[in-house]
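Chemist: Before anything else, here's the structure in question.
The values are calculated or read from the model by the stated rules, or taken from the named source; none is laboratory data. This structure is a prediction, so every number in the text was calculated from the model and none was measured. For neighbour counting, all protein chains shown are included, and Cβ atoms are generated from backbone atoms with ideal geometry for every residue, glycine included. Please note that ligands, DNA and RNA were not included when accessible areas were found on the heavy atoms of the full protein model with its side chains. Shrake-Rupley method; radii C 1.70, N 1.55, O 1.52, S 1.80 Å.
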Amino acid sequence: MQRVVIDTDPGTDDALALLMALNSPDLRIEGITTVGGNATLAETTDNALRLVDHVGAGRDVPIAVGAERPARGSFSHAYHVHGADGLGVDLPAATSTAYSADAAKFMRDRALAEPGRIAVIALGPLTNVAAALDGRPDVAQAISEVCVMGGAVEVPGNVTPHAEFNIYEDPWSANAVFASGVPVTLIGLDVTRGTSLHRNGGPRWFQGTSRSADLGNHILANSFRERADVQEFFLHDPLAVAAAIEPELLTYRSAQIAVVTDGEERGRTVASYGDGPVKVALGVDAGRAVDVVRTLISN
Ligand code: RIB
Ligand code: CA
């Protein structure tokens, strides 16, 4: 049983990733921390609260609020991808409220309470994770791994030709996390672009009559309806959760990762392969990975 804190900016693919994690018998969610990114922090937090209330009934999953945006630089949202409120589906209003401590404190406290037992799955900009690690080598030592959905090492980006969205949004925090010494697994566009659900595979991409399957199908149906030119829904964040459950779905090379912070190559992830704290995912068994996603959301 892998115990995880999930840092997220839901976000349609984040929502599928959260459904997987909530349904997985192999993960125990210690908590969810929210960050601004795909939508505003208020929207990503409300989306996380509504989703967990809707499908995780009675589950004690604290949701701690993190950073609205990075401490510096320009910042934008991705409503054109994720819909007007970041999710594009109507969920009942949340009945639960956010946790009392902020995201960075929540991450630090959980990691230090159980050194080596808690992993972080980071599905948005790395602002919260960097804050949790800032000036705290004991925290870098205590967190067992940070599994990051982010980066585009050997492939073009999705925000610019050089940069993937999560890293582009806060390249400074990404550099801090990659240099902190915490073990990082980097699940970037190099592998996530190989995993998708196709428009023609609906309307029941997920089988079963559960709230999870129903919500997953609604998210995809609405996403394809709002984006008539899009044929594939890429499973960026779901693949990061699948990798946390079954690392052998992917193949990796170790590296040091440096992130460009300024100019036209802002957000570019540059790998120096060899000995390094980052495992860069470069290959994926896409068929098996998509099966893991669909199986966990269907039921
Ligand atoms: O580039 C894809 C990533 O950016 C995903 O995490 C998606 O949710 C957005 O946050
Ligand atoms: Ca995300």
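Chemist: Where in the stretch 44-82 is the amide nitrogen less than 14 Å from a point lying 7 Å along the Cα-to-Cβ axis of ASP134?
Modeler: Output list for this probe position: 66-73.
Chemist: Report the full-extension gain for the segment ASP90 to SER210: residue separation times 0.36 nm, less the Cα-Cα distance, to one decimal in nm.
Modeler: 41.5 nm
Chemist: Between PHE75 and THR295, what FRET efficiency comes out of the Förster formula 1/(1 + (r/R0)^6) with R0 = 35 Å and r the beta carbon distance, rounded to 0.05? Don't jump to the answer; show the numbers that get you there.
Modeler: On the way: r = 36 Å, r/R0 = 1.02.
It comes to 0.45.
Chemist: May I pose another question? Sum up the charges of everything whose Cβ sits under 9 Å from the Cβ of LEU282, counting Lys and Arg as +1 and Asp and Glu as -1, but leave LEU282 out.
Modeler: Neighbourhood net charge equals -1.
Chemist: Something else: Relative to the compact-globule scaling 2.2 N^0.38 Å, provide the ratio for the alpha-carbon radius of gyration of the stretch 201-282.
Modeler: 1.52
Chemist: To the nearest 10 square angstrom, how much accessible area does ASP190 have with a 1.4 angstrom probe?
Modeler: Estimated to the nearest 10 Å², ASP190 gives 30 Å².
Chemist: Turning to a different aspect of this structure: Rounded to the nearest whole Å², what accessible area per residue is found for the chain with the 1.4 Å probe?
Modeler: Averaged over the residues of the chain, the accessible area is 39 Å².
Chemist: Still on this model: Which distance in Å, rounded to a whole number, links the C-alpha centroids of the stretch 22-96 and the stretch 192-247?
Modeler: 17
Chemist: Then there is this: Once the other residues with Cβ under 10 Å from the Cβ of THR192 are scored (Lys, Arg +1; Asp, Glu -1), what is the net sum?
Modeler: Numbers: positive: ARG193; negative: ASP13, GLU164, ASP190, ASP237.
Cβ neighbours under 10 Å give a net charge of -3.
Chemist: Among VAL177, ASN222, PHE234, whose Cα projects farthest towards the positive end of the dipole of the stretch 168-244, with charges put on the beta-carbon of Lys, Arg (+1) and Asp, Glu (-1)?
Modeler: ASN222
Chemist: OK, next. Near PHE106, within a Cβ-to-Cβ distance under 15 Å, what is the net charge of the other residues, with Lys and Arg +1 and Asp and Glu -1?
Modeler: -2
Chemist: Quick one: what do you get for the chain if you divide its Cα Rg by 2.2 N^0.38 Å?
Modeler: 0.90
Chemist: For the full complex of protein chains and a 1.4 angstrom probe, list ASP291, ASP46, ASP134 by accessible area with the highest value first.
Modeler: ASP134, ASP291, ASP46
Chemist: Here's something else I'd like to know. Using only the Cα atoms of the stretch 133-243, what are the Rg and Dmax in Å?
Modeler: Rg then Dmax for the stretch 133-243, in Å: 16.9, 49.
Chemist: How much of the accessible area of the chain, in percent, comes from carbon and sulfur atoms when a 1.4 Å probe is used?
Modeler: Carbon-and-sulfur percentage of accessible area, whole number: 49.
Chemist: Rounded to the nearest 10 Å², what accessible area does ARG117 have for a 1.4 Å probe in the complete protein model?
Modeler: 130
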